[in-house]
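Chemist: To start, I am sharing the structure in question, which I have written as structure tokens.
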Amino acid sequence: MRARTPKRPKLAVWKFASCDGCQLSLLDCEDELLAIAGKVEIANFLEASRAVVKGPYDLSLVEGSITTPHDAQRITQVRKASKFLVTIGACATAGGIQALRNFGHVREFLSVVYAKPEYIETLATSTAIAEHVKVDFELRGCPINKQQLVEVLSAFLKGRKPNVSSASVCIECKRRGTVCVMVAQGIPCLGPVTHAGCGAICPAYHRGCYGCFGPKEAANTASLSRQLTVLGVSEEQRQRLYRTFNANAEPFRTESAHA
Amino acid sequence: MHKTISVGALARVEGEGALLIKIKDRAVTDVQLKIYEPPRFFEAFLRGRDFTEAPDITARICGICPIAYQMSATHAMEDACGVTVDGQLRALRRLIYCGEWIESHALHIFFLHAPDFLGCEDAIQMAKAHPQIVERALRLKKAGNAIMSLIGGREIHPINVRVGGFYRVPTQAELGPLAEELKWARDAARETVAWVAKLSFPEFSQPYEYVALRHPDEYPFNEGRLVSNKGLDIAVSDFEQHVVEEQVPHSNALHAKLQARGSYHVGPMARYSLNFDKLSPIAQEAARSAGLGLTCNNPFQSIIVRAVEVLYACDEALRIIDAYEPPPKPFVPVEPRAATGFGCSEAPRGILYHRYQLDAEGHIVEAKIVPPTSQNQRMIEEDLRTFIPPRIDLPDDQLQWQCEQAIRNYDPCISCATHFLKLTVER
Ligand code: SF4
Ligand code: SF4
């Protein structure tokens, strides 16, 4: 059994509907993982460990969205057992790709013949964790950026606020010195309305941003939509552009309804 | 003796699953691998999307093997549109797949599987007793991730893969530092094969039907025919003529089986046993010195086979980098047409089948995805039915741990397995 040092804060990682990518980001911190593991007690992290220590937990990282009645229950228990609760990724902060079910497709899904639907329990919606319980901090991205995750963990350990930019991807493009793909090449790009965090990868690889970090604060989606029209993007394409991994985040949801 | 062994939540697998075993009068009466991960309905909402969106969208089925989804999807779309991607672009696709095999297999070998053999709850505990091993593991995994980041833009859900090729291709100079690290990784992988070969393995050999891709010239990643050791030899497009999927009450994932013979086994052991002759000489040599034959039938030894595949992937990545010259264009143009396309590639956990029907504008009319874990599910349950009887007198906690280990042999990815189910509404 694991030796317990009472001073180390207890870290728990929880999974709801998701692809496991955001919690994998923690294991992908190859350079920092052992240092992190030395500073906290990993009390619940099923993907990585059989050992499960009872709560309460000092910090809970929550991945995934709420899509079943059982999970809606479970998240309230996780909240009760956690001092700090941080959501990681687009699933947990916006409902994720599985929130595409929220856009009136439910009937259509049902009409698809399914042998024994009575075996399956699912809600008609996929919703963010913050729609169910109080969340102390949200880390964006599909997947999250692991450097930002390390920043959140160190901020937690030092008792300070995480230093995570709330600017747009555009600012990161400028900082990186990437020529604007929309201005120079007419490639449709969600960079102006998308939350920073990835380091503006897509434009650096000659493609437009597809919004995987979700809407930035006060995103001017109406203005971007006008520009997309100038570039010849059809209404249908525009709707699809807003409806991917953060489709249920408010500004993207509203803007996609206009298309 | 009546007893029930129930593991509420399986650890060190991707996604959420549980295990239920019922024993009555010293006989196993029921084994249920329960996959309760909530369904996410990918096949339903892919309909109506543009064919170019499938690689980014289907990647989100699984964060552990996004390249597998991107490769199966791009190949299926190119198949539908009548386009072939060749030369250096094809080589780059193999290269990024090498990256995924290295990082995913390293994760499984050291973090998910090895702790069982050493009696540890996790790799962090293992790091205390075997610090050098865990440090080597982390660096090896990082080398795989470095390929993913450079070619794909980032390690999880890479952004650079597109139908027809890539958005941007690397320069030779960018690949240089990668090659340096991969030379180290190749040595580390060889040492890993030797290390895992020394673990002790339960006596357990099964007469599996192995199914994997087979290509005339190469160890398979993206292309080939689907073959088995019991007579299957079909084109990828015939997959659904031979494989049927069944719904079972205890799982949110469909069970696949071969119409002709029932359960089958996909993954590293199947690839290895059907394609040993296509491994590079270094990998063959390492396998021989690890005591593996041309086939391997003990699923607990899958850890050795994975290590051999990591070695092969490092070797293959170095070969590709060495022969690399940037292609004139990062992609070939692809025009949609009304057609159906098929793709199957070798995810770290086994074959991943995609089929898409497109309309003339390139909208997806229908999508079908069969991931490796739903193909292995029946096999896992069958393994347990054979594995338990000789061990039936073990104390419950030991029996439980050994059964969990038997499941982890498959590196099951439960997030993958539950991508597809249709929706029931509860209000
Ligand atoms: S946000 Fe994206 S990467 Fe993270 S769990 Fe959800 S689908 Fe996976
Ligand atoms: S889609 Fe946008 S936010 Fe996501 S990685 Fe690309 S540039 Fe960054």
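The values are calculated or read from the model by the stated rules, or taken from the named source; none is laboratory data. Because the structure is a prediction, the values reported are computed rather than measured. Neighbour counts run over all protein chains shown; Cβ positions are idealised from the backbone, glycine included. Only protein heavy atoms, including side chains, enter the accessible area calculation; ligands, DNA and RNA are left aside. Shrake-Rupley method; radii C 1.70, N 1.55, O 1.52, S 1.80 Å.
Chemist: Working only within the stretch A:19-68, note down all residues that are on the phi > 0 side of the Ramachandran plot and at the interface with another protein chain (Cβ under 7 Å from one of its Cβ atoms). Let's see the steps before the verdict.
Modeler: Step one: list which residues in the stretch A:19-68 are on the phi > 0 side of the Ramachandran plot, which gives A:20, A:64.
Residue satisfying the conditions is A:Asp20 alone.
Chemist: Here is a further query. Considering only residues that are part of a loop (DSSP other than H, G, I, E, B) and out of contact with any Cys (no Cβ under 9 Å at 6 or more places or on another chain), which ones fall in the stretch A:16-49?
Modeler: Of all residues in the stretch A:16-49, those part of a loop (DSSP other than H, G, I, E, B) come to A:16, A:18-20, A:28-32, A:40, A:46-48.
A:Asp28, A:Cys29, A:Glu30, A:Asp31, A:Glu32, A:Val40, A:Leu46, A:Glu47, A:Ala48, listed by residue number.
Chemist: Are any of the residues in the stretch B:325-334 open to solvent by 10 Å² or more (accessible area, probe 1.4 Å), out of contact with any Lys or Arg (no Cβ under 7 Å at 6 or more places or on another chain) and among the acidic types (Asp, Glu)?
Modeler: First, pick out the residues of the stretch B:325-334 that are open to solvent by 10 Å² or more (accessible area, probe 1.4 Å): B:325-334.
Filter again for out of contact with any Lys or Arg (no Cβ under 7 Å at 6 or more places or on another chain), leaving B:325-329, B:332-334.
So of that shortlist, the ones also among the acidic types (Asp, Glu) come out as B:325.
Scanning the stretch B:325-334 turns up at least one residue that is open to solvent by 10 Å² or more (accessible area, probe 1.4 Å), out of contact with any Lys or Arg (no Cβ under 7 Å at 6 or more places or on another chain) and among the acidic types (Asp, Glu).
Chemist: Hey, among the residues in the stretch B:17-29 that are farther than 28 Å from A:Ala17 by Cα and not basic (Lys, Arg), which one's least open to solvent (accessible area, probe 1.4 Å)?
Modeler: Start the filter on the stretch B:17-29 by keeping residues that are farther than 28 Å from A:Ala17 by Cα, which leaves B:22-29.
Of the ones still in play, those that are also not basic (Lys, Arg) are B:23, B:25, B:27-29.
Details: B:Ile23: 6, B:Asp25: 104, B:Ala27: 46, B:Val28: 32, B:Thr29: 74 Å².
Per the stated criteria, the residue is B:Ile23.
Chemist: For B:Thr171, work out the one condition from (1) within 8 Å of another protein chain (Cβ to nearest Cβ); (2) open to solvent by 40 Å² or more (accessible area, probe 1.4 Å); (3) polar (S, T, N, Q) it doesn't fulfil.
Modeler: Exception for B:Thr171: condition (1).
Chemist: Hey, can you tell me all the residues within the stretch A:192-221 that are more than 6 Å from ligand 2 (Cβ to nearest atom) and either of a type in the set (Val, Ile, Thr) or without any contact (Cβ under 8 Å) to a residue 12 or more places away in the chain (or both)?
Modeler: First, pick out the residues of the stretch A:192-221 that are more than 6 Å from ligand 2 (Cβ to nearest atom): A:192-193, A:195-197, A:199, A:203-208, A:214-221.
Hits for the stretch A:192-221 are A:Val193, A:Tyr205, A:Ala218, A:Thr221.
Chemist: Just need a number here: residues in the stretch B:206-248 that are in a loop (DSSP other than H, G, I, E, B) and over 19 Å from B:Thr74 (Cα atoms). Give the derivation first.
Modeler: Applying the first criterion (in a loop (DSSP other than H, G, I, E, B)) to the stretch B:206-248 yields B:206-209, B:215-224, B:229-232, B:235, B:247-248.
Those still in the list that are over 19 Å from B:Thr74 (Cα atoms) too: B:206-209, B:216-219, B:229-232, B:247-248.
Qualifying residue count for the region: 14.
Chemist: Any idea which of (1) under 17 Å from B:Glu309 (Cβ atoms); (2) more than 12 Å from every other protein chain (Cβ to nearest Cβ); (3) buried (at least 24 other Cβ atoms within 10 Å of the Cβ) is the one B:Val196 doesn't satisfy?
Modeler: (3)
Chemist: With the requirement that a residue be open to solvent by less than 50 Å² (accessible area, probe 1.4 Å) and either within 16 Å of ligand 2 (Cβ to nearest atom) or more than 24 Å from B:Pro39 (Cα to Cα) (or both), what does the stretch A:121-147 give you?
Modeler: A:Val135, A:Leu139, A:Gly141, A:Cys142, A:Pro143, A:Ile144, A:Asn145, A:Lys146
Chemist: List the pairs whose first member sits in the stretch A:167-185 and is touching a residue at least 24 places away in the same chain (Cβ under 8 Å), whose second member is within 16 Å of ligand 1 (Cβ to nearest atom) and open to solvent by 100 Å² or more (accessible area, probe 1.4 Å), and whose Cβ atoms are under 7 Å apart, counting only residues at least 6 apart or on separate chains?
Modeler: Short answer, once both residue conditions are applied: none.
Chemist: Would you tally the residues in the stretch B:40-55 being in a loop (DSSP other than H, G, I, E, B) and surrounded by fewer than 24 Cβ atoms within 10 Å (Cβ to Cβ)?
Modeler: Of all residues in the stretch B:40-55, those in a loop (DSSP other than H, G, I, E, B) come to B:40-41, B:47-49.
Remaining after also requiring surrounded by fewer than 24 Cβ atoms within 10 Å (Cβ to Cβ): B:47-49.
Qualifying residue count for the region: 3.
Chemist: Related question: Conditions: (1) farther than 18 Å from A:Cys29 by Cβ; (2) within 12 Å of chain A (Cβ to nearest Cβ); (3) open to solvent by 20 Å² or more (accessible area, probe 1.4 Å); (4) assigned to a helix (DSSP H, G or I). B:Ile151 meets all but one. Number of the miss?
Modeler: (3)
Chemist: What single numbered condition from (1) within 14 Å of chain B (Cβ to nearest Cβ); (2) within 15 Å of ligand 2 (Cβ to nearest atom) fails to hold for A:Lys174?
Modeler: All conditions are met except number (1).
Chemist: Just checking: which of the helices (runs of 4 or more DSSP H) contained wholly in the stretch A:164-248 hold 2 or more residues that are away from ligand 1 (no atom under 16 Å from the Cβ) and either closer than 29 Å to A:Cys19 by Cα or in contact with a Leu (Cβ under 9 Å, 6 or more places away or on another chain) (or both)? Walk me through it before giving the result.
Modeler: Numbers: elements: A:169-176, A:181-185, A:201-204, A:221-230, A:235-242.
Ranges flagged: A:169-176, A:201-204, A:221-230, A:235-242.
Chemist: Restricting to the stretch B:122-143, give me the number of residues that are assigned to a helix (DSSP H, G or I) and within 10 Å of chain A (Cβ to nearest Cβ).
Modeler: Of the stretch B:122-143, the ones assigned to a helix (DSSP H, G or I) are B:123-129, B:131-143.
Within this subset, residues satisfying the condition of being within 10 Å of chain A (Cβ to nearest Cβ) are B:123-125, B:127-128, B:131, B:134-135, B:137-143.
Within the stretch B:122-143, residues that are assigned to a helix (DSSP H, G or I) and within 10 Å of chain A (Cβ to nearest Cβ) number 15.
Chemist: Checking the conditions here, which among A:Val150, A:Val181 is within 15 Å of ligand 2 (Cβ to nearest atom) and surrounded by 15 or more Cβ atoms within 10 Å (Cβ to Cβ)?
Modeler: Only one candidate passes the filter, namely A:Val181.
Chemist: Examine the stretch B:113-121 for a residue that is at the interface with another protein chain (Cβ under 10 Å from one of its Cβ atoms) and in a helix (DSSP H, G or I), and state whether such a residue exists. Please lay out each step first, then the result.
Modeler: First, the residues of the stretch B:113-121 that are at the interface with another protein chain (Cβ under 10 Å from one of its Cβ atoms): B:115-116, B:120-121.
Next cut, in a helix (DSSP H, G or I) only: B:115-116.
For the stretch B:113-121, residues at the interface with another protein chain (Cβ under 10 Å from one of its Cβ atoms) and in a helix (DSSP H, G or I): present.
Chemist: Taking the stated definitions as given, is A:Lys54 part of a loop (DSSP other than H, G, I, E, B) and at pLDDT below 95? Spell out the reasoning first.
Modeler: Values: part of a loop (DSSP other than H, G, I, E, B): yes; at pLDDT below 95: yes.
Yes, satisfied.
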